[in-house]
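Take a look at the structure set out below.
The values are calculated or read from the model by the stated rules, or taken from the named source; none is laboratory data. Quantities reported herein were computed from a predicted structural model and do not represent experimental measurements. With ideal geometry, Cβ positions are generated from the backbone for all residues, glycine too; neighbour counts draw on all protein chains shown.
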Amino acid sequence: MPLHSGLSLIYFAVGSDSHSIIQMRVYEGRRAAYDFDWGHGHGKFAEGTVHVHEWTYRDGSWGRVGRKRYMNNAEIARYGPILRQANPDVKFRPPHR
């Protein structure tokens, strides 16, 4: 997905199977701000559970920074319905043990 948006504030990425959405990128000021990924696992983040990457401008370049994290409550309230529409099986946090 592009680092700068065109007309939309949200873009989606489709998986290699071309049938399911696996990522949503949110833009602020037409620049990438957050990636919500669930199409692959990352350590403690199981495939199908959303993990968040944040974008920022640092040292002369724009890129993902910091550690991956689960969605916070405000993000779930704001973006959860959009993510569920894109993929009804998406999970926001791991199941409690």
### Query
For the range 3-12, how many residues meet the condition of being in contact (Cβ under 8 Å) with a residue 24 or more places away in the chain and surrounded by fewer than 12 Cβ atoms within 10 Å (Cβ to Cβ)?
1
### Message
Residues that are touching a residue at least 24 places away in the same chain (Cβ under 8 Å) and over 23 Å from P94 (Cα atoms): does the range 13-28 have at least one?
### Response
no
### Task
Quick one: in the range 48-68, of everything that is in contact with a His (Cβ under 7 Å, 6 or more places away or on another chain) and charged (D, E, K, R), which residue is farthest from N87 (Cα to Cα)?
R64
### Query
Which of the residues that make up the range 51-85 are modelled with pLDDT of 85 or more, among the aliphatic types (A, V, I, L, M) and either in contact with a Gly (Cβ under 6 Å, 6 or more places away or on another chain) or farther than 15 Å from F12 by Cα (or both)?
M71, A74, I76, A77
### Task
Considering (1) surrounded by 18 or more Cβ atoms within 10 Å (Cβ to Cβ); (2) modelled with pLDDT of 90 or more, say which one G48 fails and leave the rest.
(1)
### Members of the range 74-97 that are over 24 Å from H4 (Cβ atoms) and surrounded by 10 or more Cβ atoms within 10 Å (Cβ to Cβ)
I76, A77, G80, P81, R84, Q85, N87, V90, K91, F92, R93, P94
